[in-house]
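Here's the structure, in structure tokens; my notes come after.
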Amino acid sequence: MATERTSLFIFFGGTGDLAYRKLYPSMFNLYKRGTLREHFAVIGTSRNKMTDEEFQDAVRKSLGTAKSDKDAEKFISHFAYEAHDVTDKAHYKVLKDRADELDKKFKLEGNRIFYLSLSPNFFGTVAGFLKTEGLTDSQGFNRLVIEKPFGRDYDSAAQLNDALSTAFNEDQVFRIDHYLGKEMIQNIEALRFGNTIVESLWNNRYIDNIQVTLSEKLGVEERASYYDNSGALRDMVQNHIMQIVSLLAMEQPVAFTDVDIRAEKVKALRSLRVYNVADASTNFVRGQYGAGNKQRAYRDEDNVPHDSNNETFVAGKLLFDNYRWSGTPFYIRTGKELADKFTRVDVVFKKPLVDIFAFPQNANAPLEANVLTMFIEPKAGFSLRLNAKTSGQGFQTAPINMDYFVDAAGEKATPEPYERLIHDVMKGDGTNFSSWPEVSYAWKFVDQIRKVWDLQQPAFPNYTPGSMGPAAADELIQRDHREWVYRLNQ
Ligand code: NDP
Ligand code: BG6
């Protein structure tokens, strides 16, 4: 059984899609594993009026359990509901009384987690009232969890951060990036810093380039009104991709602690080259899907304007100006309506300086580069491509793969990202959350690309659903005499 953690959770936006679909099921998993037992309670809030029982019915539905499931019923009995408009200052007093009551009832030691699962427009308001109305005065810990997006550019993110910091210190704020809760993203650190043969080669002397691909098969579905104001650059690059890249690029932390890891990620992001106008135009491409393969065009999706210039695809080249990475580009790409749903990192090593097997009378194909692929999702594992002799007479080489994939037992033991992240919040471990300096450097980089794109009219649509994006994404890497490791029809 896991160590029991004690806390009151107040979910603002507690009747929303995220809460029902991800947060409550993840908490139930924590309950089943024993992290949550007797000493926890949940208050769900939204403007909607509901009794505790009605809320518990909705939670039960979200868990997909029946009233006959005794375990689930015990878990659900810790849930309470308060109708609460976050802009109504007076009502925080009612919320505080309810929190104090549950604190006593379940012996919660004054520990409080305020989870803001609602529009970011409200984050500053809620944080401020939590403090001024005394909800953070309890004796235990007080932690604030916020969901992306953290602003829409550096200025708005900084404003948001200023508002939060009037009420909470940086070490009390947990900014969720659910990619950091993924098993194989966390494995980047294990692979790099747990293996001499990996980390000793992890630099520009041996690595030619690194490719990060976050490919989605689905389109915008029912989130078009949000997505059309965001686009792939803000939705995926500023957060998930920049986090992955910083884990790949950072130096070894002094110790495996949140403070040390964050310090190294920030250092890496500081050495990321922020592009001027010309470089941003050359090094980044964008795309928007048209119609094809039985899929309608992005501009014909519900709630998308017919003349939308929003990007549903981004590819780019990132350069770090530091001793470890100078001259080794990181190529990134992400998009909707692509060939398949997967996330992977391909680390392409330099080819041997001399190919001794290619002597004139030998018809051996040239040696291929070694590639270390980290499969993040849906399958989880690593693959290392090496060159080896083929069996038989003569001397021919061919690439072979050394593979490791997480087995069924490993998959079963793997918590959902939200389960892991909520657990980390209870432990007060900020390792897998985005710190403000990381967020700010990521925005400063992304803002330059956005600025350039906002000045130019894109030739959209420019890719077909089911492809790997526009031709320009291939041209971007081919210009450097390289190829994407993952290509269609290989
Ligand atoms: P929803 O629109 O489904 O839910 C919003 C919630 O906020 C509802 O419970 C709503 O209830 C409540 N709410 C709205 N206005 C107020 C108010 N004035 N006072 C109190 N409560 C209010 O949003 P999601 O659950 O989808 O998203 C929540 C957050 O999570 C957002 O920041 C989103 O960007 C982020 N997110 C969501 C993801 C997802 O998969 N859904 C993925 C990643 C991030 P009511 O209207 O009854 O008050
Ligand atoms: C979210 C984006 O952060 O990540 C979505 O807002 C995207 O647009 C999603 O679909 C992808 O997450 P995952 O875990 O399915 O790869």
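Bear in mind that the values in this text are calculations on the coordinates, not laboratory data. These numbers were taken from a predicted model, which means no experiment stands behind them. Note that we place each Cβ from the backbone using ideal geometry, even for glycine, and neighbour counts take in every protein chain shown.
For the reader, a short list of remarks on this structure follows.
- Karplus-derived 3J(HN,Hα) values for segment 243-252, using 6.51 cos²θ - 1.76 cosθ + 1.60 with θ = phi - 60°, are 5, 5, 4, 5, 5, 6, 8, 5, 7, 5 Hz; glycine and proline are entered as x.
- Sequence-separation-based contact order of segment 299-415, relative, with Cα cut under 8 Å and 6+ spacing, percent: 15
- Whole-Hz couplings from phi, Karplus 6.51/-1.76/1.60, listed for segment 265-273; x for Gly and Pro: 5, 5, 4, 4, 5, 5, 8, 6, 5
- Segment 250-395 - charge dipole about Cα centre, Lys and Arg +1 at Cβ, Asp and Glu -1, debye rounded to 20: 300
- Net charge in the neighbourhood of GLY64 (other residues with Cβ under 15 Å of its Cβ; Lys, Arg +1, Asp, Glu -1) is +1.
- Basic side chains Lys and Arg get +1 at the Cβ, acidic Asp and Glu get -1 at the Cβ, and with that the dipole of segment 134-176 about its Cα centre reaches some 160 debye.
- Net +/- balance of residues flanking ASP88 in space, Cβ distance below 11 Å, scoring K and R +1, D and E -1: +1
- Longest site-free stretch - the chain; sites: chymotrypsin sites (Phe, Trp or Tyr not before Pro), DSSP loop, at most 14 other Cβ within 10 Å: 1-205
- Hypothetical label at MET1: residues of segment 25-39 whose amide nitrogen lies under 20 Å (7 Å Cα-Cβ projection): 27-39
- Reachable aspartates and glutamates from LYS74, criterion Cα separation under 12 angstrom, eight or more residues apart if same chain: GLU38
- When shorter helices are ignored and each DSSP H run of at least 4 residues is given -39500 (n - 2.57), the per-residue value for the chain at 222 nm works out to -9500 deg cm²/dmol.
- Tail weight of P(r) past 15 Å, computed on alpha-carbon pairs of segment 148-227, percent: 77
- Stretch gain in nm, segment LEU488-ASP260, where the contour uses 0.36 nm per residue and the Cα spacing is subtracted: 78.1 nm
- Loop-located GluC sites (Glu not before Pro) in segment 110-211, at most 15 other Cβ atoms within 10 Å (DSSP): none
- Angle between the chain longest axis and helix 123-132 axis [Cα atoms, degrees, rounded to 10]: 40
- Given R0 = 35 Å, the distance between the Cβ atoms of ARG479 and GLN252 translates into a calculated FRET efficiency of 0.60.
- Cα centre as origin, Lys/Arg/Asp/Glu Cβ charges: segment 213-322 dipole, Debye: 260
- Over the chain, the pair-distance histogram of Cα-Cα distances with 20 Å bins from zero comes to 21, 51, 24, 3, 0 percent, rounded to whole numbers.
- Once C-alpha pairs closer than 8 Å and six or more residues apart are averaged by separation and normalised to the residue number of segment 27-173, the relative contact order reads 21 percent.
- The string of couplings for segment 30-44 from the Karplus curve (6.51, -1.76, 1.60, θ = phi - 60°) is 5, 5, 5, 7, x, 5, 9, 9, 8, 9, 8, 8, 10, 10, x Hz, one whole number per residue in order, with x for Gly and Pro.
- A viscosity of 0.890 mPa s and a temperature of 25 °C, combined with the Kirkwood radius over C-alpha pairs in the Stokes-Einstein formula, give segment 341-490 a diffusion coefficient of 121 µm²/s.
- Normalised by the number of residues in the chain, the mean separation of alpha-carbon contacts (under 8 Å, six or more apart) gives a relative contact order of 17 percent.
- Taking N as its residue count, the alpha carbon Rg of segment 268-414 over 2.2 N^0.38 Å: 1.45
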